[in-house]
Amino acid sequence: MSERLNHLDGRAVVLLLVCCLLWGLQQIVAKATLPLMPPISQAALRSGVAALLVWAWARRRGTPLFKADGTLPGGLLAGLLFATEFVCIYIGLGHTDASRLVVLVYLAPFVVAAGMPFITRAEKLAPMQVAGLLLGFVAVVLAFSDSLGGPPRGDQRWLGDMLSVLAAMLWGATTLTIRATRLAVAPPEKTLFYQLAVSAVALTVLAWARGEAWPASWPATLLGSLFFQTVVVAFVSYLAWFWLVRHYPATRLSSFTFLTPLFGLLFGWLLLGEAVTPQLLLALGGVATGIWLVNRQPR
C-alpha cells in the first residue's frame, strides 16, 4: 500500500484499536517497573534495543535506512522530540498518579488538530469534528474523575502534572514534524529508526549525567517488562503507528488515541480488581460518539 487515504478503513481501525490497547497497558507496566530500574536508563535501553530490532527488520525487507533522501533534519528533530517526551513521561510517573498522567498526555490530539491546518488544508477540521474531539476529551476526563480526585502527593504532584502536559505537546509536535517534513514520504521503518536511535543516544547521555545506576539484579518481572516495552510497544506498535501516519489523516488517527486511557482503566479492573464505574460506561459511549463525529464523511 503506497497511496494516502482521506478516511480510516477497517484495517486502520483494527491496527489503531490494538495500538491503543497496548499503550493503555504500557503506562501500568512502566510505572510498576520504576522501583526495579531508574526511569531514564529504562527508557534508553528500550529505545536502543528497539532501534536494533527496527534495523534488522528493515534490512530483511530491503528497506534502506541510511540512504540520503533529505529526511535527516526531520529525523533528528523527531528523535529529539521523542526522547524528551519519554523523559517527561518516565520522570512524571514518579511524581504524579498514573491516571492523571494518562489523561494529561492524551491532550496530544488537540496539538495535532491545531497544527495540521498549517501543514495541509486537506485536514482542516469541520465544526462537527471539533465537537467530536472535545467530546472525546470530556469522556476521558469523566472516566478518570474518581482517580483525579485522589489525595495529593505534596508539592511534587504539580511537577508530574506539568511534565505530563509537556509530554502531550511533544507527542503532538512529533506527529506534526513527521507530516511536515520529508519523513511524510519516508518508509515507516526509517521514521521509527530515527526516533529510536536518536532517543537512545540522547537518553543514554542523560542517564549518565543523572548518575543512574543499572540494576544489581535482573528478575523475571524486570525482563518481562522490558520485553513488553521494547519488542511489543516500541517496536511492533510504533512501527504500525508510523505506517498509519504515513497513509491516513493524522487528525483522525489521533482521535482514536482517546481510547488508550480507557483501556488503561479497563486493565486496572481486569488485573487489579478495580470496579467499573458508571462514569467509565458513559465515557466509553462518549469516546465512541466522538470518534464517529471526527471520522464521519461529509455529505
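Readers should treat all values here as calculations from the given coordinates under stated rules, not as data from a laboratory. It should be emphasised that the depicted structure is a prediction, and the values quoted were computed from it without experimental measurement. Here the Cβ is made from the backbone with ideal geometry for all residues, glycine too, and neighbour counts use every protein chain on show.
Protection proxy ranking, highest mean first, for peptides 82-89, 104-111: 82-89, 104-111, where packing is the per-residue count of other beta-carbon atoms within 10 Å, averaged.
Treating the beta-carbon of each Lys and Arg as +1 and of each Asp and Glu as -1, no other charges, what is the dipole magnitude of the chain about its Cα centre, to the nearest 20 debye?
Once rounded to the nearest 20, the dipole reads 840 debye.
Quick one: among 213, 173, 43, which has the greatest mean-square fluctuation in a GNM of the chain with alpha-carbon springs under 10 angstrom? Greatest mean-square fluctuation among the candidates belongs to 213. With neighbour counts taken as other beta-carbon atoms within 10 Å, the residues 175, 120, 204 rank, fewest first, as 120, 204, 175. Just checking the listed ones, 127, 261, 117: in the Gaussian network model of the chain with Cα springs under 10 Å, the one fluctuating most is 127.
Put in line by how crowded their Cβ is, counting other Cβ atoms within 10 Å and starting with the fewest, 221, 191 read 221, 191.
I want to verify a result. In a Gaussian network model of the chain, Cα cutoff 10 Å, which of these has the top mean-square fluctuation: 94, 160, 70? So, out of 94, 160, 70, the one fluctuating most is 70.
Applying a length cut-off of 30 Å (Cα extent along the axis) and a mean Kyte-Doolittle floor of -1.0 to the DSSP H helices of the chain leaves 10-33, 39-61, 72-93, 157-180, 188-210.
For the stretch 226-269, the square roots of the Cα gyration tensor eigenvalues, ordered a ≥ b ≥ c, give a/c of at least 1.5 with a/b no greater than b/c, which places it in the oblate category. Straight-line cross-link partners of residue 67 among the lysines, defined as a Cα under 30 Å from its Cα and at least 8 positions apart when in the same chain: 190.
Based on alpha-carbon centroids, what's the gap between the stretch 211-271 and the stretch 5-61 in Å, whole number please? Here the answer is 4 Å between Cα centres.
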